[in-house]
1. Quick test of your reading of the structure: B:G239 fulfils all but one of (1) more than 14 Å from chain A (Cβ to nearest Cβ); (2) at pLDDT 95 or above; (3) within 14 Å of the chain's Cα centre (by Cα). Name the failing condition by number.
2. Looking at (1) surrounded by 24 or more Cβ atoms within 10 Å (Cβ to Cβ); (2) away from chain A (no Cβ under 11 Å); (3) more than 20 Å from B:G249 (Cβ to Cβ), can you tell me which one B:Q143 breaks?
3. Restrict the check to segment B:210-217 and report whether at least one residue is modelled with pLDDT of 95 or more, surrounded by fewer than 17 Cβ atoms within 10 Å (Cβ to Cβ) and closer than 24 Å to A:Q225 by Cα.
4. Going residue by residue through segment A:91-113, is there one that turns out to be among the acidic types (D, E) and touching a Lys or Arg at 6+ places or on another chain (Cβ under 7 Å)?
5. When segment A:70-86 is examined, which residues are found to be in a strand (DSSP E or B) and surrounded by fewer than 21 Cβ atoms within 10 Å (Cβ to Cβ)?
6. Residues being modelled with pLDDT under 95 and either part of a loop (DSSP other than H, G, I, E, B) or within 13 Å of chain A (Cβ to nearest Cβ) (or both): count how many of those fall in segment B:265-292.
7. I'm checking my understanding of the structure. Among residues of segment A:169-194 that are surrounded by fewer than 24 Cβ atoms within 10 Å (Cβ to Cβ) and more than 11 Å from chain B (Cβ to nearest Cβ), which one is nearest to B:L224 (Cα to Cα)?
8. What is the one condition in (1) within 26 Å of A:M263 (Cβ to Cβ); (2) surrounded by fewer than 24 Cβ atoms within 10 Å (Cβ to Cβ); (3) among the aliphatic types (A, V, I, L, M) that B:I121 does not satisfy?
2 protein chains.
Amino acid sequence: MKLVSEVLIEDEALRDGLQNEQREFTVAEKLRFIDALVEAGLRRIQVGSFVHPTRVPQMANTDEVFAALPTRPGVTYTALILNRAGLERALAAHVKHLSISVSASETHSRKNVNRSVAEAIEGVKPVISQALANGVVVRGGIQSALGCGYEGAVPLARVCDIAAIYSDLGVQEINIADTAGLGNPKQVFETMKAVSARVRPDVALSLHLHDTRGLGLANLLAGLQAGVTIYDAAVGGVGGCPFIPSATGNIATEDAVFALEEMGVKTGVDWRKLSAVALELEGALGRKLPGRMAHVAQSLDRRRGG
Amino acid sequence: MKLVSEVLIEDEALRDGLQNEQREFTVAEKLRFIDALVEAGLRRIQVGSFVHPTRVPQMANTDEVFAALPTRPGVTYTALILNRAGLERALAAHVKHLSISVSASETHSRKNVNRSVAEAIEGVKPVISQALANGVVVRGGIQSALGCGYEGAVPLARVCDIAAIYSDLGVQEINIADTAGLGNPKQVFETMKAVSARVRPDVALSLHLHDTRGLGLANLLAGLQAGVTIYDAAVGGVGGCPFIPSATGNIATEDAVFALEEMGVKTGVDWRKLSAVALELEGALGRKLPGRMAHVAQSLDRRRGG
């Protein structure tokens, strides 16, 4: 079984994880959370999104969080933007790495941004160009790339076409997102191979996986076999998508790290430290999160203690 | 990504699932459960175990369940035995397919059967020979084959040696069990390839996976890539191991079926019917089970209904 030897993990607990939560986290709480992630070895952290505060109030303090973040060599702080207004805020906050995305599903695109897929693509083009012109590293995301909670199957050809457009625009990374957690491993493998064939050789590919059907880590395994070296995850497996029914959280970062390290794939991350962060997050949210390793670690610690 | 084209699933909810539960299921309840599994398309069902009733009271009525089971062409009813006493009961109950197993971990073997691995192997040899002489199809199981909850890593060479002994004894199938859910996909792939090289070509290999660390379906994917065509699972993901701390249930049958069918691997099983069985089982046990698809199905049904 041939896997890549090393991966980069982008933790999205602060953005994809918290955007659905009732509880709003303060700037100080978010900074402490980021400290803990860095301490555990994370090298890329999605800090938040620059979206309208009435739409996602949990992200309203993203500018303040960026302003207060200490510079750390080797650590990338990134954010999600949807449009030019978001880019202006990100540039003002001196953000050097951004994600912007469109959906590959017509229905999801209309529900999410009130535009067709084609309109959404035309909308992000000038934003991406402006970001790149300002020296920002840009990741172009394709939501619902492995299936849509409303429509079901999404044509692979459409995903590849969007990837090719991103590639031509000059983005440095393309993110294939299984927004509703509908993808299966065979499909992940074939999608990543097909996308890879349609983009510049220097474009990095990444995967954004949700664990709705319990296939998150199986899909990660398929990605490793297809040569994908960047994965999104969220501490504790927190999250979902407010606009997609029955979608549950991202793959849990600590579960992904454990699985990867067990298979000899280097992550640079300590899953035990992340498990402690996941348990703290459970405390803050007042409920159990779907990630497994934090509870396994807790159970092992109790056994040792007793 | 090359996968096998068709698999057989053995549902173990009635044995591995229920053996840890406080609630005891009556003969009539077990028969209804089996009816529902057959109706969903399952072709092999582990009905229970012939072990001492004081040790596992939930299995005390296994003889009665077998006596009441209707014969169904194409459906195999199987059971677990530990020793000669169990075999005698199984033969009296006219059981035609049996599992018997040893642990590959010294500590687990001593905790489970109060014998070393070598002693346990010597103990099962005459039982297997007697079963085969009586025309019973025998599956030799290797518990803790991918790691031990007490010891950690278990040498692959020991797993292969046990498999070779089973093969020489004439068993028709060898079951590699990740009893504590410690295995990772790369290891599953390598283990199944190594075991395959040490056994008769006509011996079927099967995998028994637990989802403790969220890797159950990723391990199944690795098995499919290694050519394994028989998988144990349990409706709802019910179960665990009373003698292994922090072990959680088997992979959920409905989740495995969904994943397999999505990848084009034929199972002959209807995951939606199984999901209904899982929800009924949740009702009987009075708690939510870890399987995902039953809840996804429920949420989709609610959406349609609303």
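The values are calculated or read from the model by the stated rules, or taken from the named source; none is laboratory data. Bear in mind the structure is a predicted one, so any value in this text is a computation, not a measurement. Cβ atoms come from the backbone with ideal geometry, glycine included; neighbour counts cover every protein chain shown.
1. Every condition holds for B:G239 apart from (2).
2. (3)
3. Looking for residues that are modelled with pLDDT of 95 or more, surrounded by fewer than 17 Cβ atoms within 10 Å (Cβ to Cβ) and closer than 24 Å to A:Q225 by Cα, one finds none in segment B:210-217, hence no.
4. Taking every residue of segment A:91-113 in turn, none turns out to be among the acidic types (D, E) and touching a Lys or Arg at 6+ places or on another chain (Cβ under 7 Å).
5. A:T76
6. 7
7. My answer is A:A194.
8. (1)
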